[in-house]
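Working notes for the structure below.
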Amino acid sequence: MYTPRRSTAALLTVGLLTSLPALAEEPRYNQVSLRAEVSKEVARDLMSVTLYSESQNADPGKLAAEMTRTMNKALEQARAVKDIKISQGSRNSYPIYDVKGQKITGWRERAELRLESTDFPALSKLTGELLQDLKMAGMDFAIAPATRKASEDALLKDAVNAFKSRAQLATEALGGKGYKVLNLNLNSSGYPQPYARGPVMMMKASMDAEVAPSPQVEAGTSQVSMNADGTIEVQMP
């Protein structure tokens, strides 16, 4: 019985030694996190205008009726123009007190009208007409959602190619012989704030002119970006 045990032990030792070269030949990898970004300037093609009416009266009922007539007139004018998105903003009324702050002497009301369009000439002309009865709270320019999506889709392929270029550079810097992508995330870098222009600087003519002035349009551009974030494994020799 002693001799077979020695033979079994010898066989196990030989088997273990035989498996060691196979383990040593397994490829070795190093993980690397990378980020690539591509961007381009895109014209702001969406114009938004906020107009408002503000008035006061000792009789709150008369004040509300007056404000309603003014805003209804503006709405009718705006609805007559094609491709204009119309929405009513906030409408608030609040009391006016005497110098002692104890007695209500009147009421003040404010109502807003918001207009939006990609047709700049039409919205600019309409704004000039509405300024006969309303005041301008602000004018903004942004990239329309459909334009932004098209721009991001066009940048997606560029972002992937930029990531692959960085992955190759990282592989060469580490002395690797190849790499594989473990994960890759593609995202836009966020939405820039609308570009606002103050109403005073945009008037082509004085408010005292016989013809209603039209706001000048200088929309400018915004940068649209696409990021590629991911991790690769670099195969070492």
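Bear in mind these aren't lab numbers, they're just calculated from the coordinates by the rules spelled out. Fair warning: this is a prediction, and the values are worked out from it, not measured in the lab. A quick note on method: Cβ atoms are made from the backbone with ideal geometry, for glycine too, and the neighbour counts reach across all protein chains shown.
If the limit is 30 Å between Cα atoms, which of Lys125/Lys157; Lys62/Lys100; Lys85/Lys157; Lys73/Lys103 go over it?
Exceeds cut-off: Lys125/Lys157; Lys85/Lys157; Lys73/Lys103.
Run the simple label-point estimate for Ser93 and Lys180 please: 7 Å along Cα→C-beta, distance reported in nm.
Inter-label distance under the simple model: 7.2 nm.
What is the gain in length, in nm to one decimal, between Asn187 and Ser33 on full extension, counting 0.36 nm per residue of separation less the C-alpha to C-alpha distance?
Gain on extension, Asn187 to Ser33, equals 53.9 nm.
Any chance you could run the full-extension gain for Gln235 through Ala137? It's 0.36 nm times the residue separation minus the Cα-Cα distance, nm to one decimal.
This chain segment gains 29.2 nm when fully extended.
Assuming R0 = 41 Å, can you tell me the calculated FRET efficiency for the pair Val81 and Ile104, based on Cβ-Cβ distance, to the nearest 0.05?
0.55
Which is farthest toward the positive dipole end of the stretch 47-142 among Gly89, Asn57, Ser117, measuring Cα position about the Cα centre, with Cβ charges +1 (Lys, Arg) and -1 (Asp, Glu)?
The Cα lying farthest towards the positive end belongs to Asn57.
Any idea what diffusion coefficient the stretch 71-118 gets from Stokes-Einstein, in µm²/s, Kirkwood Rh on alpha carbon pairs, 25 °C, 0.890 mPa s?
Here the translational diffusion coefficient equals 188 µm²/s.
Please compute the volume of the convex hull spanned by the alpha-carbon atoms of the stretch 47-142 and report it per residue in Å³.
95 Å³
Just tell me which aspartates and glutamates come within less than 16 Å, Cα to Cα, of Lys164; anything on the same chain fewer than 8 places away is out.
Glu37, Glu172, Asp229, Glu233
Using R₀ = 35 Å, calculate the FRET efficiency as 1/(1 + (r/R₀)^6) where r is the Cβ-Cβ separation of Ala146 and Ser55; round to 0.05.
E between Ala146 and Ser55, to the nearest 0.05, is 0.35.
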